[in-house]
Each structure stands twice: as C-alpha cells, then as structure tokens.
1. Exactly one condition in (1) of a type in the set (A, V, I, L, M, F, W, C); (2) over 10 Å from the mean Cα position of the chain (by Cα); (3) open to solvent by 10 Å² or more (accessible area, probe 1.4 Å) is not met by PHE45; state its number.
2. Look through the stretch 62-80, keep the residues that are surrounded by fewer than 14 Cβ atoms within 10 Å (Cβ to Cβ) and not aliphatic (A, V, I, L, M), and return whichever of them is farthest from THR103 (Cα to Cα).
3. Let me confirm something: among ALA95, ALA90, which residue is touching a Gly at 6+ places or on another chain (Cβ under 6 Å), crowded, with 21+ Cβ neighbours inside 10 Å and either at pLDDT 95 or above or acidic (Asp, Glu) (or both)?
4. Go through GLU6, GLU42 for me and flag whichever is touching a strand residue (DSSP E or B) at 6+ places or on another chain (Cβ under 7 Å) and either under 13 Å from ALA95 (Cβ atoms) or modelled with pLDDT of 95 or more (or both).
5. Restricting to the stretch 12-26, name every residue that is free of Cβ contacts under 8 Å to residues at least 60 places away in the same chain and surrounded by 12 or more Cβ atoms within 10 Å (Cβ to Cβ).
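The values are calculated or read from the model by the stated rules, or taken from the named source; none is laboratory data. Since we're looking at a predicted model, the values are computed, not measured. All Cβ positions, glycine included, derive from the backbone under ideal geometry; neighbour counts span all protein chains shown. These area figures cover heavy atoms from the full protein model, side chains too; ligands, DNA and RNA do not enter into them. Shrake-Rupley method; radii C 1.70, N 1.55, O 1.52, S 1.80 Å.
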Amino acid sequence: QVQLVESGGGLVQAGGSLRLSCAAFGRTFSTMGWFRQVPGKEREFVAAVTWCGGSRYYADSVKGRLSISRDNAKNTVYLQKNMLKPEDTAVYYCAAARYPGGTYVRQYDYWGQGTQVTVSS
C-alpha cells in the first residue's frame, strides 16, 4: 500500500525557518513535490524534485527562500523553508508522481494528509 507521511509543520515567527519531511512507503516515484493550500483557494505548486536526476523546480513566489531535496535511500523528500512570511501560512501537501511530474496537481498520483504551517507576523 502506498502511503506518504508528512511531518514538520507548526507555528513559526516571520523570518524563521522550518523543515518539512515526507516519507514515501510502498514504492518509489519519478517525482515528488510539495503543494500548499489556503481556505477558499486552489492548491498551488511550491516545489518538486525528480528522483533520478535530482532536477528541482520552484514556484516563483518561493525561489530563494525554499529548498527541496531528497534522500533516495530513505525514500524521503524534504522542504527547507527559510525567511518565512505570513503569506506562507497554509496546509502543505506532499505529492508523488509515478511519471515525470511538473507543477500541476493533475500530474501527481498520491498525496499526503497535509501539515499545517502557520507564520505569525
């Protein structure tokens, strides 16, 4: 059974840092990524990393502040978040694609349960 297990969310002050983790169980994936969602808005792409080549993709709004990485041995992807802003407050979802994924929700096949990140001003 495929499962994505997220951890690392919480409350942090503006300017602070957090690291989210997502461990995949059941199989490996071509691409793993992170999306975020706030109430009343669509889920939006944050970052993604391919498994084979380690290519990384970022949303323009987070470039320079967030860094995605993966540990193939642990089948885990990380999202290091620095210089957090109140507008980064959202539920963050880990996502996994069987085939090379991108920046669209429809390209991902499996999703984690979501972890809340709240940035206070």
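1. The one condition PHE45 does not meet is (2).
2. Step one: list which residues in the stretch 62-80 are surrounded by fewer than 14 Cβ atoms within 10 Å (Cβ to Cβ), which gives 63-64, 71-74.
Now narrow it down to the ones that are not aliphatic (A, V, I, L, M): 63-64, 71-72, 74.
On the way: LYS63: 14, GLY64: 18, ASP71: 21, ASN72: 21, LYS74: 24 Å.
For the stretch 62-80, the residue satisfying everything is LYS74.
3. Details: ALA90 fails: touching a Gly at 6+ places or on another chain (Cβ under 6 Å).
Within the list ALA95, ALA90, the selection yields ALA95.
4. On the way: GLU42 fails: touching a strand residue (DSSP E or B) at 6+ places or on another chain (Cβ under 7 Å).
From the options GLU6, GLU42, the qualifying one is GLU6.
5. Quick first cut of the stretch 12-26, residues free of Cβ contacts under 8 Å to residues at least 60 places away in the same chain only: 21, 23, 25-26.
The answer is SER21, ALA23, GLY26.
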